[in-house]
Amino acid sequence: LRGVTRVFASGTKALGPFDLDVGEGEFVSLLGPSGCGKSTALRIIAGLLQPSAGTVTFPNGKPRIDFVFQDPTLLPWANAGETVRLPLDLARVPRAEADARAVSALARVGLEGFQSAYPRELSGGMRMRVSIARALAAKPSLLLMDEPFAALDEMTRQELNDDLLRLWRDDGLTIVFVTHSLGESAYLSN
Ligand code: ADP
Ligand code: MG
C-alpha cells in the first residue's frame, strides 16, 4: 500500500496516508485503538472499498483473498458442513469435491465430525472455528482477519491463536490480522 487514504462522504478521514508492505508468507498485525482505521485498511486490501487516494498493488499477481470477521457470520439454518460448503457451491465446485473439502477444512480447525451441527449447538469458539474453516476451504493465499477473536474468552482465544499459527505455517498463508490486543499481536505476528 502506498499513500492509501480514505475519506468518507461524511468528511471523516478514516485512514492515511498509509504505507504498508506485506511479504508473501508473512503474518502481519495491524494494531491500534478503536476507530484508527484498521477495518478500513483491511477492506481496502480486500478490494471491498476503494481508497480515496493511493494505491494497492500485488507485485506477484492478485492472491486469492478470504476474509474472517469478528462476528462468525454463520447462518442459523445452515449446519457447519453446509456453511463451509457455501462459497464452494457458489464457485461451482462439484458437489463431491466440495463435500470432501468441507469435511477436511472442519477437521483442520478441530471440528471433526461436526458437519451436522447448527450454530445454536456450537460454543462461541467453535462458531469462530467454522468461520475459519469456511475461509480455508476456499484455499486462500491471503487471509484477512478483522479482530476474529475479540469476542472470545481469554482461554478460548489462546487456543485459537495457537491453532491459527499452526494453520498459517502448514498452508504457507499470508495473514493480515487486525487486533487491538498488544499481547495477541506480539504473540502471533512477524
Ligand atoms: P477501526 O477498525 O480501527 O476501529 P474503522 O476503520 O472501522 O476503525 O473506522 C475508522 C474511522 O472511519 C472511524 O472514525 C469510523 O467512524 C469511520 N468510518 C468507518 N466506516 C465508515 C463509513 N462507512 N462511513 C463513514 N465513516 C466511517
Ligand atoms: Mg474495526
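The values are calculated or read from the model by the stated rules, or taken from the named source; none is laboratory data. Please read all numbers here as calculations on a predicted model, not as lab measurements. Accessible surface areas use protein heavy atoms only, side chains included; no ligands, DNA or RNA. Shrake-Rupley method; radii C 1.70, N 1.55, O 1.52, S 1.80 Å.
Miscellaneous remarks
- All aspartates and glutamates inside 19 Å of K139 as judged from Cα atoms, apart from same-chain residues fewer than 8 positions distant: E24, E26, D66, E82, D89, E97, D99, E112, D163, D170, D171
- The length gained on full extension between E24 and T57, counted as 0.36 nm times the residue separation minus their Cα-Cα distance, comes to 10.6 nm.
- For K13, the lysines whose Cα comes closer than 22 Å to its Cα, not counting residues fewer than 8 places off in the same chain, are K38.
- With every protein chain in place, the stretch 1-138: carbon and sulfur % of accessible area (1.4 Å): 53
- Cα shape, the stretch 42-190, gyration tensor, a/c 1.5 rule: oblate
- Potential extension, S10-L75 segment - 0.36 nm per residue separation minus Cα distance: 20.2 nm
- Helix-only CD estimate at 222 nm, as mean residue ellipticity for the chain, using -39500 (n - 2.57) per DSSP H run (n ≥ 4): -12000 deg cm²/dmol
- Average accessible area per residue (Å²) across the stretch 33-190 - probe 1.4 Å, nucleic acids and ligands excluded: 50
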